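Asker: For reference, the structure I am asking about is given below.
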Amino acid sequence: MQRGRVGVNPAAGKFAMFPPPPPRFKFNHMFPVQVVQPPPFAYHAVPLPPVQPQLAVQVRPVWAGNFNEEWGYLQSFAAPARYVAVHVHYPGLVHAAGQDLSSLTVEHRYALMKANVDGLKPLQVGIAVCDHQGQQVAWEFSLRDFSRLADPHDDKALDYLARRGLDLDTLRNHGVDAYMLGALLMGSGLIGAGHGRPLSWITHAGAYHVAYLLKIVTGGAPLPHDVAGFVGAMRYYLGQQVYDVATMAAGCPGMPVGLDSIAANLRIHPPWGSPRLAGAAGVRALLAFRILKQGQLGGNVERFRGLLQGLQH
């Protein structure tokens with residue numbers, strides 16, 4: 001079946017009901033944070049240096065106790081950012097878990113994703129950033145909102161994440177409030193800043209990761225009611241340049257599509273600091289995108305723009 005980019009009907013106004021971002025300063029009193037706007041940055045079309053997959057990228061774990069310090073460090077990377085990769089760990093699927101979705105329409109697949117994302121709470125967010133000089137750093141935000149006793153989840157998914165090192169009790173006791181993370185992302189210069197600047201967002205098998213990111217930056221609001229609205233929201237908050245490494249890998253002969261397998265094929269060095277969780281996945285997606293773009297795809301990735309795995313015809 002031929003892949004095609006999901007279209008948006010401008011006249012339909014489907015995106016209009018998606019809520020605006022949350023107020024920036026109504027934070028949980030336990031985590032007072034001062035928002036500091038990054039200085040203006042002048043962008044120039046300067047090619048990035050070649051990516052070096054053999055060099056380990058640092059993942060910086062972020063908790064409530066070090067949030068202020070790490071947020072300031074991330075903001076220093078935000079203004080000159082060229083690429084941002086996101087990966088979200090979430091508590092599995094509770095709607096259509098294990099169901100073969102290949103025979104479903106795009107709208108039906110989206111409806112199932114919306115039901116899952118609207119009803120579940122994210123656990124961890126990895127953000128990997130590459131600036132205009134090719135410097136790369138990742139942050140791993142562990143969130144405190146989920147309770148295994150009170151919130152819906154898939155036990156198998158949680159057990160899988162536990163084997164990779166995710167400790168739900170530690171998240172609950174020391175994690176960051178998701179509302180605060182969303183409000184500050186809105187003020188970072190990364191979200192809503194894709195218009196008129198060379199900023200690309202990267203993910204892998206990305207529909208769910210983008211959906212959870214939208215949920216976070218809108219203060220937990222439900223996703224738009226259809227695919228057109230979702231694509232419109234994605235473009236509004238992340239800009240026009242959104243790429244899915246899984247879709248790109250599928251267009252490269254002989255390339256596997258799983259993120260760990262892609263990283264192994266491209267000989268990407270494991271990140272250091274948190275090598276198996278959301279921050280590391282963001283690093284692998286970022287490096288895989290850069291290597292595939294510079295190498296197998298010869299710099300031409302426009303045909304993959306906006307094509308998220310799972311939301312293609």
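Just so it is clear, none of the values below were taken in a lab; they were calculated from the coordinates. If you're wondering where the values come from, they're calculated on a predicted model, not measured in any experiment. Virtual Cβ from ideal backbone geometry, glycine too; neighbours counted across all protein chains shown.
Asker: Farthest toward the dipole's positive end in the stretch 109-246, which of GLY232, ASN116, ALA207, given Cβ charges of +1 (Lys, Arg) and -1 (Asp, Glu) about the Cα centre?
Answerer: Comparing the listed Cα positions along the dipole, GLY232 ranks first.
Asker: In debye to the nearest 20, how big a dipole does the stretch 50-137 give about its Cα centre with +1 on each Lys and Arg Cβ and -1 on each Asp and Glu Cβ?
Answerer: For the stretch 50-137, the charge dipole is close to 40 debye.
Asker: Name the residues of the stretch 123-141 whose amide N is less than 14 Å from a point 7 angstrom out from the Cα of ASP159 along the C-beta direction?
Answerer: Label zone hits: none.
Asker: Under the rule a/c < 1.5 gives rounded, and otherwise a/b versus b/c splits prolate from oblate, where does the stretch 216-313 land using the Cα gyration tensor?
Answerer: Because a/c hits 1.5 or more and a/b fails to exceed b/c, the stretch 216-313 counts as oblate.
Asker: Amide H to amide H under 5 Å from LEU93: which residues, 5+ apart in sequence or cross-chain, H placed 1.01 Å off N in plane?
Answerer: The list, which skips near neighbours in sequence, is ASP154.
Asker: Quick one: Cα centre-to-centre distance for the stretch 249-313 and the stretch 121-143, in angstrom?
Answerer: About 15 Å separates the Cα centre of the stretch 249-313 from the one of the stretch 121-143.
Asker: With a point put 7 Å past each Cα toward its Cβ, work out how far LEU101 is from ASP260 in nm, to one decimal.
Answerer: In this crude label model, LEU101 to ASP260 measures out at 2.1 nm.
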